[in-house]
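Scroll down for the structure; my scribbles are underneath it.
The values are calculated or read from the model by the stated rules, or taken from the named source; none is laboratory data. The model shown is predicted, which means the values in this text are computed figures rather than measured ones. Reconstructed Cβ throughout: ideal geometry from the backbone, glycine too, with neighbour counts over all protein chains shown. For the accessible areas, the whole protein counts, side chains as well, though only heavy atoms, and no ligand, DNA or RNA atoms are used. Shrake-Rupley method; radii C 1.70, N 1.55, O 1.52, S 1.80 Å.
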Amino acid sequence: MALVLKYVVAVLVRYWLIHSDYWQTLANRVEIATPLNSWKRLIEGIYLFEHNIDPYDGDSFHESPLLLISFYSLLKYAPYLLPGVFTLIDILTAYFLYKTAKIFVRILKRNQENNIEVISDESKAMILTNLQLEEVPEYVLSVYLFNPYSVLNCVGMTTTVVQNLLLAVSLWGSVAGHRLVACIFIALATHQALYPITLIVPISILLADVNKGCKKCSYIRTLLVFILCWGFLIFISAYIMNGSYSYIYNTYGFILTVPDLKPNIGLFWYFFTEMFEHFRLLFVCAFQINALILYVVPLTLRFKNEPILLATVLIALSTIFRSYPCVGDVGFYLALLPMWKHLFTFMQQKFIAGCAFIITSVLGPTVWHLWIYSGSANANFFFGVTLSFATAQIFLITDLMFAYLKREFTLKHGSSRQVDGKPAKLVLR
């Protein structure tokens with residue numbers, strides 16, 4: 001009954017805000033809507049498509065053709081359902097995150113039982129009880145349903161709502177051992193936003209662990225299924241656009257080259273506004289390597305035994321460093337953090353990071369108003385806030401990883417900080 005009540009309240013809050021006088025203001029906020037996900041640009045793309053004009057000829061529409069044709073059909077045949085559709089998508093995202101957390105709890109419990117022999121006597125009190133584990137899925141559900149970032153993302157009717165659902169279903173498919181489901185939905189998410197491609201690594205590890213058998217064979221099968229699904233989506237999208245693959249430049253190319261420097265909560269826009277043009281290619285490559293490639297291998301080598309933590313960290317890092325982030329991306333990975341509630345006691349920066357989240361979330365709209373409307377501030381003020389917001393997220397994620405290492409060390413060696421009778425120093429590598 002409590003779960004049903006949460007769903008009902010979350011639906012009512014979203015539905016009321018979508019129909020309130022504030023909807024238009026929220027839908028145009030730079031923290032919520034970006035050139036990649038805004039409802040306004042989606043409507044413009046649909047209008048061009050409806051009048052037999054290629055929406056990818058200009059510089060206003062950058063969504064995938066699959067999303068274009070889906071919302072075109074919805075607006076044509078049942079436009080009155082739009083608020084309900086966005087609300088339903090967001091509620092389904094919360095539901096699949098809840099189901100993912102329930103399976104994760106079972107995996108965590110099984111791993112704990114298998115490793116009980118290596119836990120030191122001094123650390124037996126740290127063993128997670130059934131009550132502690134049973135609370136986790138409800139925390140995940142509550143954080144997503146009532147997180148202001150997630151609520152505003154849904155109310156603004158951004159296409160990030162769809163991306164979050166695709167990511168949630170792919171994570172659920174992975175922990176449940178459904179390779180085809182996981183690969184199809186991560187391919188759909190990649191087709192829409194590109195950055196989720198990094199999740200194929202933790203998904204491959206998860207599927208190999210859950211399904212047992214030959215791990216190398218499982219990795220290869222997962223990768224092949226993902227490539228086939230993604231290739232099929234690219235082909236279908238070209239078919240929708242009358243056999244033309246020119247849409248790729250205005251979707252993937254737009255994400256990678258960052259031509260639109262409209263301010264957002266990310267780091268790209270200010271750097272490329274201030275930069276000399278002949279340095280642009282170098283810094284574009286450096287930024288995109290940082291967002292797509294740089295962290296995958298080292299984090300995989302260190303956290304290969306915890307693929308769900310690896311997936312959480314990769315989602316968070318891609319959110320921080322992607323070219324067009326929004327608060328909806330932040331709200332999604334924050335909902336995954338309660339799965340690691342048992343690490344919170346080992347985190348040292350959570351209070352600082354939490355305060356930074358609150359302060360920057362309030363200061364962002366304030367300095368934007370001072371800059372754009374009052375004229376009493378400039379771009380440096382807004383970028384300072386977004387830089388602080390990104391820094392807070394980095395503190396949070398690194399603290400989570402370090403907390404995992406500290407707990408792992410304490411379980412094996414106790415809290416004495418000694419290994420083989422010698423003082424030990426814990427270092428994050």
The stretch 125-259, accessible surface, carbon-and-sulfur percent (1.4 angstrom probe)
73 percent
Amide N proximity, the stretch 165-203 versus ILE248 label position 7 Å along Cα-to-Cβ, cut-off under 19 Å:
187-198
Taking R0 as 56 Å and r as the Cβ-Cβ distance between ARG29 and GLU408, the FRET efficiency 1/(1 + (r/R0)^6), rounded to the nearest 0.05, comes to 0.85
What percent do you get for the relative contact order of the stretch 198-324 when only Cα pairs under 8 Å and 6+ apart count?
36 percent
When Cα extents along the principal axes in Å is calculated directly from the model, which label among (i) 54, 46, 45; (ii) 78, 56, 45; (iii) 73, 53, 52 fits?
(iii)
Name all residues of the stretch 44-67 having a backbone nitrogen under 13 Å from the label point set 7 Å from the Cα of LEU82 along its Cα→Cβ direction, giving them as ranges.
44-47
With the full set of protein chains in place, find how many percent of the accessible area of the stretch 1-59 is carbon and sulfur; take the probe as 1.4 Å.
65 percent
Within the chain, cysteines having no neighbouring cysteine beta carbon under 4.7 Å are CYS154, CYS183, CYS229, CYS285, CYS326, CYS355
Surface accessible to a 1.4 Å probe, per residue, for the residues of the stretch 227-359, Å²:
45 Å²
Only helical DSSP H runs with n ≥ 4 go in: add -39500 (n - 2.57) per run for the chain, normalise by residue count and round the 222 nm mean residue ellipticity to 500 deg cm²/dmol.
-22500 deg cm²/dmol
Relative contact order [Cα under 8 Å, 6+ residues apart], the chain, whole percent:
20 percent
Residue span ASP59 to PHE235: 0.36 nm per residue of separation minus Cα-Cα distance leaves a gain in nm of 61.1 nm
Net lengthening on full extension, LEU74/ILE293 (0.36 nm per residue, minus Cα-Cα)
75.2 nm
With +1 on each Lys and Arg Cβ and -1 on each Asp and Glu Cβ, how big is the dipole of the stretch 158-273 about its Cα centre, in debye rounded to the nearest 20?
380 debye
Quick check: the angle from helix 130-146's long axis to the longest principal axis of the chain, C-alpha only, nearest 10 degrees?
20 degrees
Give the accessible surface of the stretch 75-160 per residue, rounded to a whole number of Å², with probe radius 1.4 Å and ligands, DNA and RNA excluded.
48 Å²
Could you let me know the centre-to-centre spacing of the stretch 354-396 and the stretch 122-172, using Cα atoms, in angstrom?
26 Å
Cut-off 10 angstrom, C-alpha nodes, Gaussian network model of the chain. Which of SER73, SER376, SER244 fluctuates the most?
SER376
